[in-house]
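Below: the structure, in C-alpha cells.
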Amino acid sequence: YRVTERVDKKKFYACSMLPYPSGKLHMGHVRNYTINDVMARYLRMKGYNVLMPMGWDAFGLPAENAAMKNKVAPAKWTYDNIAYMKKQMQAMGLAIDWSREVTACKPDYYKWNQWLFLKMLEKGIAERRTQVVNWDPVDMTVLANEQVIDGKGWRTGAVIEKREIPGYYLNIVKYAPELLEHTLTKLPGWPERVRTMQENWIGKSEGVRFAFTHAIKDVSGALIGDGKMYVFTTRADTIMGVTFCAVAAEHPLASHAATSNKALATFIEECKKGGVAEADMATMEKKGMNTGLQVTHPLSGEKVDVWVGNYVLMSYGDGAVMGVPAHDERDFAFANKYGLPIKQVIAIPAAQFSSETWHESFGDKQSGVCMNSGKYDGLTYATAVNAITSDLVAKNLGEKKTTYRLRDWGISRQRYWGTPIPMILCNTCGAVPVPEKDLPVVLPEDCIPDGSGNPLKSHAGFLNVACPKCAKPSQRETDTMDTFIDSSWYFMRYCDPQLSTAMVGKGADYWMPMDQYIGGIEHAILHLLYARFWTKVMRDLGLVKFDEPFTKLLTQGMVLAETFYRKNADGSMEWFNPSDVDVETDAHGKPVRAVLRSDSQPVMMGGIEKMAKSKNNGVDPQDLIDAYGADTARHFTMRAAHPEDTLFWSDAGVAGSYRFMRRLWDFAQKIAPQIQGIKPGAHADLADALKAKRRDLHATLQKATFDIDRLQYNTVVSAGDILLNALTEMKGDDAHTRAVIAEGISILLRVLYPVTPHLTFALWKQLGFGENLLDAPWPLVDEAALKQDNITLVLQINGKTRGELVVPSAADRAAIEALAGVAPEIARYGEGRAPKKIIVVPGRLVNIVV
RNA sequence: GCCCGAGUGGUGAAAUCGGUAGACACAACGGACUUAAAAUCCGUCGCUUUCCUGGAUAAGGGGCGUACCGGUUCGAUUCCGGUCUCGGGCACCA
C-alpha cells in the first residue's frame with residue numbers, strides 16, 4: 001500500500017481523522033477506517049494513485065489521567081497503546097501506507113508546532129495575554145472543562161473558581177472574514193450541516209459600538225476608561241429604550257464600586273465561582289446587583305444605573321451591555337426580577353406589548369417602527385440604526401462595527417503531556433522566544449503527573465536555561481500547547497513524513513489539498529475550523545499554495561452505546577463497560593434494569609452516548625475480529641448503517657454477515673470446477689431466462705456503482721447479497737449458464753472487494769480471474785444487458801396505486817397516455833367519473849386523475 | 001440556554017430529482033434434512049379479522065400506516081410551518 005508521488009496517475013488523498021491512542025480501537029474507529037479503506041480500495045480499482053495514511057494524536061489529557069491512576073509515565077502508556085492499536089489496524093486489513101506514520105508526541109513532529117508558533121509570534125498572529133481558566137483551589141491546579149462536574153473539581157469536589165492567568169493566543173478572529181467567506185464559497189464538497197454550524201460558530205454580526213459617559217474616577221484620580229463605558233449592540237434602533245446597563249464582575253467600574261460596597265464585593269466574589277464552560281453560563285440563573293454608579297445615555301442624556309450581571313463576560317467585547325427590557329428577552333427577565341423600568345420604543349403591529357409576559361414579536365426588528373424615541377419616531381429598523389449611528393459618530397461616541405462570535409484561540413495548557421511552548425521567561429527580558437536553531441524544545445518523557453500541577457515545574461533539566469537575550473539564568477515556559485494544534489496540520493506532514501529541513505515540502509504540493517477527509521461529526525466545528533485557520537496561516541507564510549485543506553468531507557455518524565455507572569461514597573463516578581453489564585429489557589425491547597455481571601449488583605443507566613474513554617462505553621471490536629475475522633467485522637460495520645448516520649451499537653446481526661461470508665465461500669467452491677476455463681461475459685442468443693438474469697446482475701451492478709460513488713456503502717453491501725442470491729438461484733449446467741455464472745461471480749467479487757478484501761482476494765485467484773484483485777478494474781455495466789422490450793409502470797388512480805401498466809419501453813408520453821386512458825382500473829376505481837388529467841412519469845408511473 | 005442533526009415493522013435499515021413505503025438483513029414462527037442437535041435449505045413475517053367476501057385468525061379485496069399536529073401537491077418518508085423526544089457541539093475530552 002506504499003505510494004509515491006507519481007505523475008502518470010491521478011492522485012487521490014483519502015484520510016481519516018487521526019485517533020487518540022486511548023488503549024484499544026473502538027467501534028467508532030473501525031467504522032471510520034473501514035469507510036476510508038473501502039473508498040481507497042475502490043478508487044485504486046478505478047485507476048487512482050491513492051494515499052491512505054495513519055498517525056497518532058498522541059498528546060493529551062487521558063495519558064496524564066492514566067499516569068495518575070497507574071503510576072506509569074504518559075510516554076510509556078502512549079507508546080504501548082500505539083503499538084497495540086497499530087496491530088489491531090493491521091489485523092483489520094487496512095490499506096495504510098505505514099511508511100508515512102506520524103506520531104504527534106515525537107520531537108520530529110512537534111518541532112514544527114513550535115517553529116510555526118514562533119513564526120506566528122513574529123507576524124503578530126500569536127500573542128501573550130490573560131485568559132480565564134477553571135481553578136481547583138484544593139489541588140491548586142487548572143482543570144479542563146471535562147474535569148469540572150456541576151461546578152466542582154472531579155477529584156477534590158471543591159467548588160471551582162474562575163481565575164485569570166497569562167497565556168498565549170492565536171488570532172483566529174483576524175481570519176474570521178475569510179473563514180466565513182470560504183465556508184460559503186470554497187467548500188461545496190462539505191455537508192451542508194457542517195458548513196451551517198461553522199457559519200453560526202463564526203457568527204458575524206453587524207452592529208454599533210458606542211459609549212455611555214461618566215465622570216467616575218479611580219483612587220489615583222484618573223477617569224475610569226477615560227470616562228467612557230463602551231457596549232456593543234446589534235439593535236441600535238432600541239437605544240432609546242435603555243433602562244439600565246450591566247457590566248461583568250471583572251469590569252473596572254464594578255471593581256471600583258466594590259471598594260466601598262461590601263455586599264457588592266461579596267457578590268462579585270460569588271460571580272467568580274463555577275467553571276468557564278459556556279453551556280453552564282447560559283443555563284445558570286441570571287443574577288445582578290446595583291453598583292450605585294450611574295452613566296449618561298449618549299443620546300438622551302438621561303442617567304442610567306449600572307448593574308453587575310453574572311451573565312456578562314469580561315472576555316466578550318467590552319465586558320458591558322446595555323439593557324433594553326422591552327425588546328430583549330434576557331433583559332426583560334432581568335428587569336422583571338429586579339423591578340427595573342421597562343420602556344417600549346418599538347411599535348409592534350402584530351402583538352400587544354405587555355410588561356408581564358414576553359412575546360417573540362417584542363424583539364422583532366423586521367416589522368416594528370420606533371416610538372417614544374424623540375426624533376427617531378416612525379423610523380424602521382435600518383433607517384433608525386443609520387440615523388442613530390450618525391448622531392453617535394457626530395458626538396464621537398460610537399461607530400458601526402462588525403463583530404464575530406468567534407474568539408481567539410487560547411493555546412496554553414497548564415499540563416505536562418503536550419508540545420512545550422518554546423518560550424523562556426527571563427526576570428530581566430520577560431518572555432523571550434526560543435531561537436529557531438535551538439528547536440525542538442524537547443519534552444522530557446520520564447515525568448509522572450500526580451494531579452497537583454504540572455511536573456515540568458519541578459523538572460530541573462527541562463526548566464533551567466540561559467536567557468537567549470541576556471544569558472542570565474532563566475526558566476522555560478512550562479505550559480504546553482493545546483492538542484488541537486497537533487491535529488491542525490498532521491495530514492500535511494503525512495505527505496512529507498521524513499522531511500527534516502522543513503515543515504512540509506514537495507509531497508504536500510503533490511497530495512494536498514486532501515481529496516476526502518473522513519471523521520466524526522463531533523469534530524464539525526472546533527477541529528475543522530482550527531485546521532482551516534492553520535492552513536491559511538501556513539499559506540500566508542508561503543508554505544503551501546492553497547486556501548482550504550479539505551476538498552470533500554464525510555462526517556461519519558457517531559457510534560453510540562449505553563452508559564452504566566455507580567456513584568461512589570465520595571461522590572465520584574465509576575463507569576462500567578457495556579460488555580461487563582447485563583441489561584434486562586421490557587416487552588418492547590427497552591432496557592429497564594442493568595446488573596454488573598461480576599457482582600450481580602445493579603448499576604445505573606446513564607443514557608446512550610458517544611463511545612468514549614471518559615464514560616467507558618467503548619465496545620472493543622477485537623472480540624468480533626477474533627471470533628469471525630476481519631472481513632465479517634468490516635462487512636457488518638458497513639452494513640449496519642449509512643456512514644453519515646448515528647449508529648446505536650448492538651452486535652445482533654453479526655452472525656448474518658458471517659453467514660454471508662460462508663455462503664459466498666461455499667458457492668465459489670461449488671462452481672469452481674464448472675467455470676474452469678469459461679470466458680465470462682455476454683454470449684449471443686441467450687435464452688430469455690438467462691437474459692433476464694444478466695439484466696438483474698447488471699442492474700444490481702449499476703446500483704452498486706451509483707451507491708459506492710456516493711459513499712453509501714451500506715447498500716453496496718446489500719448489492720452483494722442480491723448478487724449472491726441471484727447466482728445461487730441459477731439452475732442448469734450448460735455453457736451459457738456457466739458463462740453467466742462466471743460473469744456474475746466476477747462482478748460480485750469485485751463489488752465486495754473494497755468491503756471484504758481478504759475473502760474476495762482469495763476467491764478471485766482461486767477461480768482463475770487473476771493474480772491480484774487489488775489492481776483489478778471495477779466492473780463495467782453492460783448497457784446492452786439492461787435493455788428491455790416492455791416495461792411495467794405503476795398505475796395510480798387519484799394518487800392511489802391500483803395496478804400496473806405494461807408498455808413498450810420505447811413508448812412516448814402520448815402512447816402511454818393512450819394506453820392508460822383505456823385501463824380497466826378506471827372503471828373499477830374511478831366511481832364512474834371520466835379521466836380529467838393523466839400524469840406520466842417516464843419509466844415509473846402513470847397517475848390518472850378522475 | 002444557543003447552534004446543528006435524527007425519528008420508517010419486533011430489530012438494523014432501503015426507497016438516486018416529490019412518484020409502488022419496508023429492498024437487503026437480524027430476530028421470531030412453520031416446514032425439509034438428521035437417531036438427535038448444530039449447520040444448511042424452503043416458506044411466513046407493518047397494523048386492521050367489530051371494514052367487506054369467506055366456515056375461517058385460510059385466501060382475496062378495502063382502509064390505515066414513515067414521531068406528533070397542520071399545510072402545499074394529481075401524488076409527501078422526501079418540501080413548508082409548528083410540537084415532542086433523542087443525539088452531537090458550545091471554545092481546556094479528543
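Got a number for residues in the stretch A:366-389 being farther than 20 Å from A:Gly301 by Cα and modelled with pLDDT of 80 or more? Full working, then the answer.
Narrowing the stretch A:366-389 to residues farther than 20 Å from A:Gly301 by Cα: A:366-369, A:378-383.
In the following step, the residues that additionally are modelled with pLDDT of 80 or more were identified as A:368-369, A:378-383.
Residues meeting the conditions: 8.
Can you find, within the stretch A:470-501, the residue that is most open to solvent (accessible area, probe 1.4 Å) among those that are more than 16 Å from RNA strand B (Cβ to nearest atom) and in a strand (DSSP E or B)?
A:Pro473
Tell me whether the stretch A:757-766 contains one or more residues that are surrounded by 14 or more Cβ atoms within 10 Å (Cβ to Cβ) and either at pLDDT below 95 or in a loop (DSSP other than H, G, I, E, B) (or both).
no
Please determine whether any residue of the stretch A:801-813 is in a helix (DSSP H, G or I) and either within 13 Å of RNA strand B (Cβ to nearest atom) or open to solvent by 30 Å² or more (accessible area, probe 1.4 Å) (or both).
Yes, because at least one residue in the stretch A:801-813 is in a helix (DSSP H, G or I) and either within 13 Å of RNA strand B (Cβ to nearest atom) or open to solvent by 30 Å² or more (accessible area, probe 1.4 Å) (or both).
Would you say A:Val442 is part of a loop (DSSP other than H, G, I, E, B), open to solvent by 60 Å² or more (accessible area, probe 1.4 Å) and either more than 14 Å from RNA strand B (Cβ to nearest atom) or under 30 Å from A:Gln344 (Cα atoms) (or both)? Before you say what the answer is, go through the steps one by one.
On the way: part of a loop (DSSP other than H, G, I, E, B): yes; open to solvent by 60 Å² or more (accessible area, probe 1.4 Å): yes; either more than 14 Å from RNA strand B (Cβ to nearest atom) or under 30 Å from A:Gln344 (Cα atoms) (or both): yes.
Considered against the rule, which asks whether it is part of a loop (DSSP other than H, G, I, E, B), open to solvent by 60 Å² or more (accessible area, probe 1.4 Å) and either more than 14 Å from RNA strand B (Cβ to nearest atom) or under 30 Å from A:Gln344 (Cα atoms) (or both), A:Val442 comes out as yes.
Identify all residues within the stretch A:447-497 that are β-branched (Val, Ile, Thr), farther than 23 Å from A:Tyr168 by Cα and under 26 Å from the mean Cα position of the chain (by Cα); write none if there are none.
Passing the criteria: none in range.
Which ones in the stretch A:814-850 are open to solvent by 40 Å² or more (accessible area, probe 1.4 Å), among the β-branched types (Val, Ile, Thr) and part of a loop (DSSP other than H, G, I, E, B)?
Once the filter is applied, which keeps residues that are open to solvent by 40 Å² or more (accessible area, probe 1.4 Å), among the β-branched types (Val, Ile, Thr) and part of a loop (DSSP other than H, G, I, E, B), the stretch A:814-850 yields only A:Val822.
So, in the stretch A:502-525, how many residues would count as being in a helix (DSSP H, G or I), away from RNA strand B (no atom under 16 Å from the Cβ) and open to solvent by 10 Å² or more (accessible area, probe 1.4 Å)?
Selection size over the stretch A:502-525: 3.
Conditions first: (1) open to solvent by 20 Å² or more (accessible area, probe 1.4 Å); (2) under 23 Å from A:Arg634 (Cβ atoms); (3) assigned to a helix (DSSP H, G or I); (4) of a type outside the set (Phe, Trp, Tyr). A:Asp80 passes all but one, so which condition is the exception?
(2)
Checking A:Leu748 against (1) within 22 Å of A:Thr715 (Cα to Cα); (2) away from RNA strand B (no atom under 16 Å from the Cβ); (3) in a helix (DSSP H, G or I): exactly one of these is not met. Which one?
Failed condition: (2).
For the stretch A:526-580, which strands (runs of 3 or more DSSP E) that fit wholly inside it have 2 or more residues that are touching a helix residue (DSSP H, G or I) at 6+ places or on another chain (Cβ under 8 Å)?
Here the list reads A:550-556, A:559-567.
In the stretch A:696-739, which residues are acidic (Asp, Glu) and either surrounded by fewer than 15 Cβ atoms within 10 Å (Cβ to Cβ) or more than 7 Å from RNA strand B (Cβ to nearest atom) (or both)?
Answer for the stretch A:696-739, where residues must be acidic (Asp, Glu) and either surrounded by fewer than 15 Cβ atoms within 10 Å (Cβ to Cβ) or more than 7 Å from RNA strand B (Cβ to nearest atom) (or both): A:Asp696, A:Asp709, A:Glu729, A:Asp733, A:Asp734.
Quick one: would you say A:Pro754 is closer than 20 Å to A:Thr700 by Cα, outside any helix (DSSP H, G or I) and open to solvent by 70 Å² or more (accessible area, probe 1.4 Å)?
Here the answer is no, as A:Pro754 does not meet what is asked.
Report those helices (runs of 4 or more DSSP H) wholly inside the stretch A:586-676 carrying at least 1 residues which are surrounded by fewer than 16 Cβ atoms within 10 Å (Cβ to Cβ).
Qualifying helices (runs of 4 or more DSSP H): A:622-628, A:654-671.
Considering only the stretch A:217-328, give the strands (runs of 3 or more DSSP E) lying wholly within it that have at least 1 residues that are within 16 Å of RNA strand B (Cβ to nearest atom) and either at pLDDT 95 or above or touching a strand residue (DSSP E or B) at 6+ places or on another chain (Cβ under 6 Å) (or both).
Working: elements: A:228-233, A:244-247, A:288-296, A:303-309, A:320-323.
Of the strands (runs of 3 or more DSSP E) lying wholly inside the stretch A:217-328, those with at least 1 residues that are within 16 Å of RNA strand B (Cβ to nearest atom) and either at pLDDT 95 or above or touching a strand residue (DSSP E or B) at 6+ places or on another chain (Cβ under 6 Å) (or both) span A:228-233, A:303-309, A:320-323.
The values are calculated or read from the model by the stated rules, or taken from the named source; none is laboratory data. Remember, it's a predicted structure, so these values are computed and weren't measured experimentally. Counting neighbours? That spans all protein chains shown, and the Cβs are built from the backbone with ideal geometry, glycine included. Ligands, DNA and RNA are stripped out before the accessible areas are found, and what is left, the full protein with its side chains, is counted by its heavy atoms. Shrake-Rupley method; radii C 1.70, N 1.55, O 1.52, S 1.80 Å.
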